[in-house]
Amino acid sequence: MSDPPIIITGGSVSIEFDDSQFPPQGRGKFRNANKKIKRVEITGDYDPHSGQVHNGDVVIKIYYTDR
C-alpha cells in the first residue's frame with residue numbers, strides 16, 4: 001500500500017496530510033527523515049511557465065514513499 005499524498009488546495013489555503021506519517025517538530029513543522037518526495041502534481045488554473053495561479057483554483061499533490 002502506498003502512502004497517501006500531501007494535498008494543498010487553493011482558494012482558501014488548505015493542507016491535508018496523514019499526521020501519523022509526519023510527527024510534529026514544533027512551530028508548525030512536521031518531518032519524517034524516512035520519507036522521500038517521488039512526484040509532484042499541480043492541477044487547476046496554473047501556468048507552468050510562469051508559476052502563477054490566476055484565480056486561486058489549484059490542487060497540489062505531493063507523493064512520497066519510504067527511502
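The values are calculated or read from the model by the stated rules, or taken from the named source; none is laboratory data. No experiment lies behind these values; they were computed from the predicted model shown. Heads up, the Cβs are rebuilt from the backbone with ideal geometry, glycines too, and the neighbour counts pull from every protein chain shown.
Are any residues in the stretch 1-57 part of a strand (DSSP E or B), among the β-branched types (Val, Ile, Thr) and within 15 Å of the chain's Cα centre (by Cα), and if so, which ones?
Matches in the stretch 1-57: Ile6, Ile7, Ile8, Thr9, Ile15, Ile37, Val40, Ile42, Thr43.
Looking at the stretch 23-56, which of the residues that are among the acidic types (Asp, Glu) and over 14 Å from Ile7 (Cβ atoms) is surrounded by the fewest Cβ atoms within 10 Å (Cβ to Cβ)?
Here the answer is Asp47.
What residue, among those in the stretch 9-20 that are in contact with an Asp or Glu (Cβ under 9 Å, 6 or more places away or on another chain) and modelled with pLDDT under 95, is surrounded by the most Cβ atoms within 10 Å (Cβ to Cβ)?
Gly10
Give Tyr46, Tyr64 a once-over and let me know the one that is without any contact (Cβ under 8 Å) to a residue 60 or more places away in the chain and not hydrophobic (A, V, I, L, M, F, W, C).
Working: Tyr64 fails: without any contact (Cβ under 8 Å) to a residue 60 or more places away in the chain.
On inspection, the qualifying residue turns out to be Tyr46.
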